[in-house]
1. Among 129, 202, 110, which one shows the biggest mean-square fluctuation in a GNM of the chain, springs joining Cα atoms closer than 10 Å?
2. Could you give log10 I(q)/I(0) at q = 0.10, 0.15, 0.21 Å⁻¹ for the stretch 90-237, computed by the Debye formula over C-alpha point scatterers of equal weight, without solvent?
3. Cα axis of helix 4-13 to longest principal axis of the chain: angle in degrees, 0 to 90, nearest 10?
4. Using only C-alpha atoms and all pairs of different ones, pull out the Kirkwood radius for the stretch 38-145 in Å with one decimal.
5. Return the whole-Å distance between the Cα centroid of the stretch 132-198 and the Cα centroid of the stretch 96-120.
6. What does the convex hull of the Cα atoms come to per residue for the stretch 145-194, in Å³?
7. To test your reading of the geometry: what angle, between 0 and 90 degrees and rounded to tens, separates the Cα axis of helix 67-76 from the longest principal axis of the chain?
Amino acid sequence: MYATDLAYVHDARFGDLARRAAPEIVRLLRARGTRRGHLVEVGCGSGISARHFAASGYQVTGIDRSAAMIRLARQRAPRARFRLAAIERSRLPACDGVIAIGEIVSYLPGGVPALRRFFRRVHEALRPGGIFIFDFIESAAGRTYAAKSFGTDDWTLGARATFAPLRSTLTRRIVVARRVGRRVRRATEIHRVRVYPRAAVGRALIGAGFSVHMSRSYGRYRLMAGDVAVIARSASV
């Protein structure tokens with residue numbers, strides 16, 4: 001997932017969420033008393049938000065399953081630390097906040113049981129009063145599309161998205177072609193993301209020991225249709 005060329009295209013074309021959400025997340029953290037400390041960003045991608053968190057005075061550890069994304073992140077955010085690992089298996093270090101923006105938890109294989117396990121690991125990693133900020137897909141309405149394509153002089157991306165209601169799964173088939181020197185490299189990736197009812201996510205968080213607030217935005221940055229933003233907090237001692 002997110003091999004070299006798709007990672008390059010995603011970084012070049014689809015970094016807007018991370019770029020616009022990161023300042024709002026910093027405001028949310030500071031408003032809740034987390035003005036410094038260690039943030040762990042799960043699904044850190046190419047390091048756009050990690051760079052902003054580090055520049056805002058936080059110690060940052062980024063985790064991603066894509067080696068290509070990790071290489072980009074290390075170049076973009078040299079003040080942060082990065083680790084290659086899958087979200088469903090990664091051990092999270094002790095921290096003051098965990099961030100997972102861009103529907104990261106929706107990529108977890110295994111449905112609600114996998115969510116519960118991941119939420120428990122996040123809770124165990126957080127210090128008392130720590131904050132977990134993430135978003136997930138609540139509805140696939142408006143999120144499917146027929147084949148479409150766009151690009152630049154050095155890359156082209158084609159994609160289509162379908163939804164399987166019985167499996168609550170949104171499937172994106174992505175084809176990327178990238179010119180590198182005189183060659184054109186082509187690759188296909190299939191991304192499957194789970195759609196979750198808001199109540200199911202809330203129950204899983206509460207069961208893991210969090211108090212929960214859900215909304216449609218990170219501060220002033222409103223998420224795309226069907227996405228839900230979550231601020232979950234572990235209990236203070």
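Readers should treat all values here as calculations from the given coordinates under stated rules, not as data from a laboratory. Keep in mind that this is a model prediction, so the values were computed, not measured.
1. Among 129, 202, 110, the largest GNM mean-square fluctuation belongs to 110.
2. These q points yield log10 I(q)/I(0) values of -0.44, -0.84, -1.24.
3. The angle comes out at about 70 degrees.
4. This gives a value of 14.2 Å.
5. The stretch 132-198 and the stretch 96-120 have Cα centres spaced 19 Å from each other.
6. Dividing the Cα hull volume of the stretch 145-194 by its residue count gives 60 Å³.
7. 70
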